[in-house]
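**Q** Before I ask anything, here is the structure I am working with.
The values are calculated or read from the model by the stated rules, or taken from the named source; none is laboratory data. Quick caveat, the model's predicted, so the values are computed rather than measured. Positions of Cβ are backbone-derived with ideal geometry, glycine not excepted, and every protein chain shown enters the neighbour counts. Calculation scope for accessible area: heavy atoms of the full protein, side chains included, ligands and nucleic acids excluded. Shrake-Rupley method; radii C 1.70, N 1.55, O 1.52, S 1.80 Å.
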Amino acid sequence: MTAVRAVALDVDGTLVDSEPLHLRALQAACRAHDVDISDHGPAPFIGVAIGDVWRLLAPRFAGALGHHADQGERVFREAVTAHYLAHVHEVRVLPGARRAVEHLAREGIALAAVSNSERSIVEANLRVVGAQARFDAVVCLDDVRDPKPSPEPYLRALALLRVPAQEAWAIEDSPSGARSARAAGLRVLVVGDDPRAQGDQRLPGLADFVSWWPSAQGQIPTQAPAPALRLPQDLTARREAARMALSGVSE
């Protein structure tokens, strides 16, 4: 039976309860330009990359940016990111998250963090978790052309880890993330109660992960993996660069 060699974990909503802060950062940026987003509901854009959020909201900013209109997306994204990083201490580590990461690392499982957030936010969230040195690769919005729900983020993570999809699991909480991982050929553990997120297994949260994990060893498909993403440079160097970057963050 094929052994599990790698696990790719989403960050926002999976390892940390960051969605409330993402929303507050978005609302702050919108308020600063008198843009109303209340019609999008109380918790909009969960799991949606910031570039896609901007494309949805750009028409509302058309008259609010003045001489910055031609740089609207940059101004918007910088405002959202600045608010998030200034308040990252408000982010809560989800129950069982740190224990799950440490458990997998002790078992020799290669780990990747795969996120639709920008690198500065991903690294800040991993610092909050306190297990950033355990990750062998980090794939974020800055690294891909097409974020989740495209399979590209997970294909890139698999390439950096040098592990085929049939030997890996993904852990996700959002519909877009689960679609991304499944499209890349990984099996998906969904955490949380969003019925739109479809995976192979589901847990209420990572608090139950360690007791669930042994069952995953017998749930790996044997079909051929999804086509690997071609990366433009040596994968070993990319993996080492990712590890060194995270080590630098933790110092």
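**Q** Only one of S150, S117 is in contact with a Cys (Cβ under 7 Å, 6 or more places away or on another chain), of a type in the set (S, T, Y) and open to solvent by 10 Å² or more (accessible area, probe 1.4 Å); which?
**A** Details: S150 fails: in contact with a Cys (Cβ under 7 Å, 6 or more places away or on another chain).
Result of the check over S150, S117: S117.
**Q** If you scan segment 17-40, which residues turn out to be more than 14 Å from N116 (Cα to Cα) and open to solvent by less than 30 Å² (accessible area, probe 1.4 Å)?
**A** Pass one, segment 17-40, residues more than 14 Å from N116 (Cα to Cα): 17, 20-21, 23-40.
Within segment 17-40, L21, A25, L26, A28, A29, C30, V35, I37 meet the criteria.
**Q** When you go through L57, L126 one by one, which is the residue that is in contact (Cβ under 8 Å) with a residue 24 or more places away in the chain and either open to solvent by 30 Å² or more (accessible area, probe 1.4 Å) or touching a Cys at 6+ places or on another chain (Cβ under 9 Å) (or both)?
**A** Details: L126 fails: either open to solvent by 30 Å² or more (accessible area, probe 1.4 Å) or touching a Cys at 6+ places or on another chain (Cβ under 9 Å) (or both).
Answer to the selection: L57.
**Q** Quick one: in segment 73-123, which of the residues that are small (G, A, S) and assigned to a helix (DSSP H, G or I) is nearest to D142 (Cα to Cα)?
**A** Let us first name the residues in segment 73-123 that are small (G, A, S), namely 79, 82, 86, 96-97, 100, 105, 108, 110, 112-113, 115, 117, 120.
Filter once more, so that each one left must be assigned to a helix (DSSP H, G or I): 79, 82, 86, 97, 100, 105, 120.
Details: A79: 17, A82: 16, A86: 20, A97: 24, A100: 26, A105: 25, S120: 10 Å.
Once the filter is applied, the top-ranked residue is S120.
**Q** Consider R145 against the criteria (1) free of Cβ contacts under 8 Å to residues at least 60 places away in the same chain; (2) touching a helix residue (DSSP H, G or I) at 6+ places or on another chain (Cβ under 8 Å); (3) open to solvent by less than 10 Å² (accessible area, probe 1.4 Å): it satisfies all of them except one. Which criterion is unmet?
**A** With (1) free of Cβ contacts under 8 Å to residues at least 60 places away in the same chain; (2) touching a helix residue (DSSP H, G or I) at 6+ places or on another chain (Cβ under 8 Å); (3) open to solvent by less than 10 Å² (accessible area, probe 1.4 Å) applied to R145, the lone miss is (3).
**Q** Looking at (1) at pLDDT below 55; (2) within 25 Å of V48 (Cβ to Cβ), find the lone condition where V188 falls short.
**A** (1) is the only condition that V188 fails.
**Q** Let me ask another. Against the definition (closer than 27 Å to V128 by Cα, at pLDDT 90 or above, out of contact with any Pro (no Cβ under 6 Å at 6 or more places or on another chain) and hydrophobic (A, V, I, L, M, F, W, C)), how does A43 come out, yes or no? So that I can check it myself, show each step before the final result.
**A** Working: closer than 27 Å to V128 by Cα: yes; at pLDDT 90 or above: no; out of contact with any Pro (no Cβ under 6 Å at 6 or more places or on another chain): yes; hydrophobic (A, V, I, L, M, F, W, C): yes.
No: the conditions fail for A43.
**Q** Consider segment 1-42. How many of its residues are hydrophobic (A, V, I, L, M, F, W, C), in contact with an Asp or Glu (Cβ under 9 Å, 6 or more places away or on another chain) and assigned to a loop (DSSP other than H, G, I, E, B)?
**A** Adding up the residues that qualify gives 2.
Residue-by-condition table, conditions (1) within 19 Å of the chain's Cα centre (by Cα); (2) β-branched (V, I, T):
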residue	(1), (2)
A8	yes, no
T14	yes, yes
A28	no, no
I37	no, yes
H40	no, no
L56	no, no
A62	no, no
E73	no, no
F76	no, no
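**Q** Any residue in segment 78-89 that's under 10 Å from L26 (Cα atoms): show its pairings with residues that are outside any helix (DSSP H, G or I) and of a type in the set (A, V, I, L, M) at Cβ separation under 7 Å, as long as the two are six or more apart or on different chains.
**A** Listed pairs, sorted by first residue: A79/A32.
**Q** Take the conditions open to solvent by 50 Å² or more (accessible area, probe 1.4 Å), modelled with pLDDT under 95 and closer than 25 Å to T2 by Cα and apply them to A228. Does it pass?
**A** Answer is yes for this residue.
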